[in-house]
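All remarks here apply to the structure that follows.
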Amino acid sequence: MSRSIVRQSKFRHVFGQTVKAEQGYDDIRVSKVTWDSSFCAINPKFLAVIVESSGGGAFLVLPISKTGRVDKNYPLVIGHSGPVLDIDWCPHDDNILASCSEDCTAMVWQIPDHSLTRPISDPVVVLEGHSKRVGIVTWHPTARNILLTAGSDNLVIIWNVGTGEALISMDDHPDLIYSISWNRNGSLFCTTCKDRRLRVCDPRKREVVAERLAPHEGIRPMRAIFTRDGNIFTTGFTRMSQRELGLWDPTNFEEPIALLELDTSNGVLLPYYDADANMVYLCGKGDSSIRYFEITEEPPYVHYLNTFSSKEPQRGMGFMPKRGVDVTKCEIARLFKLLDKKCEPITMTVPRKSDLFQDDLYPDTAGPEPAMEAEEWLDGRDEDPILVSMRGGYMPPKSRELKVAKKNVLESRPTTRRSMSTLDTNSLPVKKDLMIWF
């Protein structure tokens, strides 16, 4: 008599649950721009959502605790002259947000801790270097002040936002870039492109170190993210327009580690990765469900866990960093689902009976301290994120005083390294009292 063996995993019974209605965010006019970004960015302090706005682009920033109905006159962040396409919170300062827009610029903003009382229209710094709309903005995971942007001019530019200068520019992509993801220590990033190629780039060498043609055979957009062990997880479409996911080893792109067909649908699958649990949450635009998978070292390598379903289709999605989850309730992830007029938090929980801290669910996670300065990264140094313990829960630090507490790195910056920028530091659109991150 044979028995089937059930795979052992502490995440096998993870379940999703929508919070109560009063814990959501209502009356948010989510942007209707046709761009495959998530429209939403989350950190332990704030919720930011790209919204409809006349006369330019705008996004809404709310303290994470300000739930309920949002006043229709609530102040917005309104610096862009065209629709905002992407936003991203700085991993090293919960009050710093980057945005990019159809107006060909990226901007960096400082958000005050309290609720806004008037619109914010003055960014800390404006980054101008793209000739067409800028669709992707993403911070370096471990180096202070390093920001990457990608535009419809097919350029990838890496900036030092502390000086406002472009450090690195790469033009290796012949067509529109769909997605960009840094690896864990920020030494490489992977991209997907309209030319159907998946590329791994080394920005400091300014070269593509590996590429694969058509990891998914369909012509619809792909997405790719680095996992914690250096593999690449992709989503795309088959030739028959079925949605598909894959796992690849960038040192050997010949054959996938895993390739799995899902369903037939038009929505691009946006992957959100939890490096601590090695889990991926797949959210399709226009879908009303969230599928989640666990990545392991044993076959079939990508294990389907479950699906969270709700009634209304999602317009976008936000993913809380691990330091923002509630450890007292065994919550391992929190997603923020954007609907037409509201935002619903969804908690992902491991069922446990004990009220004690669960060490196996919460290994030390990436904290808010940068592991190195921008100059060190540019000189070739690599560092993994500085980890913090989740025991006792995570308390976001208070907004930093707008002073230079340590030695100002920019003052001792060698002049030779400013060759890519003709700007003098004093002429940059950076407010002196807002020079932070030192």
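Readers should treat all values here as calculations from the given coordinates under stated rules, not as data from a laboratory. Keep in mind it's a predicted model, so treat the numbers as computed, not measured. Ideal geometry is used to build each Cβ from the backbone, glycine not excepted, and the neighbour counts take in all protein chains shown.
Quickly estimate the mean residue ellipticity at 222 nm for the chain, helices only: each DSSP H run with n ≥ 4 gives -39500 (n - 2.57), and the total goes over all residues, rounded to 500.
0 deg cm²/dmol
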- Listed by chain and number, the residues whose amide H is under 5 Å from that of G24, excluding neighbours fewer than 5 places away on the same chain and using placed H, are G68
- Note on the structure: Scalar couplings 3J(HN,Hα) for the stretch 71-78 by Karplus 6.51 cos²θ - 1.76 cosθ + 1.60 (θ = phi - 60°), nearest whole Hz, x for Gly and Pro, are 4, 5, 9, 4, x, 10, 9, 10
- For the stretch 364-378, Karplus couplings with θ = phi - 60° (6.51, -1.76, 1.60), whole Hz, Gly/Pro x: 4, 10, 4, x, x, 8, x, 7, 6, 8, 4, 5, 5, 5, 5
- Query: Over the chain, what is the mean sequence separation of C-alpha contacts under 8 Å (at least six apart), divided by residue count, expressed as relative contact order in percent?
  - Reply: 15 percent
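Where a ≥ b ≥ c are the square roots of the eigenvalues of the C-alpha gyration tensor, would you call the stretch 101-168 rounded, which needs a/c under 1.5, or, failing that, prolate if a/b is larger than b/c, or oblate?
Values: a/c = 2.22, a/b = 1.43, b/c = 1.55.
Here the stretch 101-168 falls in the oblate category.
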- Task: With +1 on each Lys and Arg Cβ and -1 on each Asp and Glu Cβ, and nothing else charged, work out how big the dipole of the chain is about its Cα centre, in Debye to the nearest 20.
- Result: 1000 debye
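With the Cα gyration tensor of the chain giving a ≥ b ≥ c as the square roots of its eigenvalues, does the rule (a/c under 1.5 for rounded; else a/b larger than b/c for prolate; else oblate) give rounded, prolate or oblate? Intermediate values should be presented prior to the final figure.
Details: a/c = 1.43, a/b = 1.23, b/c = 1.16.
Here the chain falls in the rounded category.
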- Item | Computed over the stretch 31-117, Cα set: Rg, Dmax in Å | 12.2, 34
- Message: What are the ³J(HN,Hα) couplings of the stretch 381-392, residue after residue, when phi is run through the Karplus curve with 6.51, -1.76, 1.60 and θ = phi - 60°? Round to Hz, x for glycine and proline.
- Response: 7, 10, 9, 6, x, 6, 8, 10, 7, 8, 4, x
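Run the dipole for the stretch 308-360 about the Cα centre, Lys and Arg Cβ at +1, Asp and Glu Cβ at -1, nothing else charged, and hand back the magnitude in debye, nearest 20.
Roughly 220 debye for the stretch 308-360.
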- Descending packing, highest mean Cβ count within 10 Å first, for 249-257, 161-169, 112-120 is 161-169, 249-257, 112-120
- Message: If amide hydrogens are placed 1.01 Å from N in the peptide plane, which non-local residues have theirs closer than 5 Å to the one on M390?
- Response: T365
- Note on the structure: Under 5 Å from the placed amide H of G135, counting only residues 5+ away or on other chains, we find A150, G151, S152
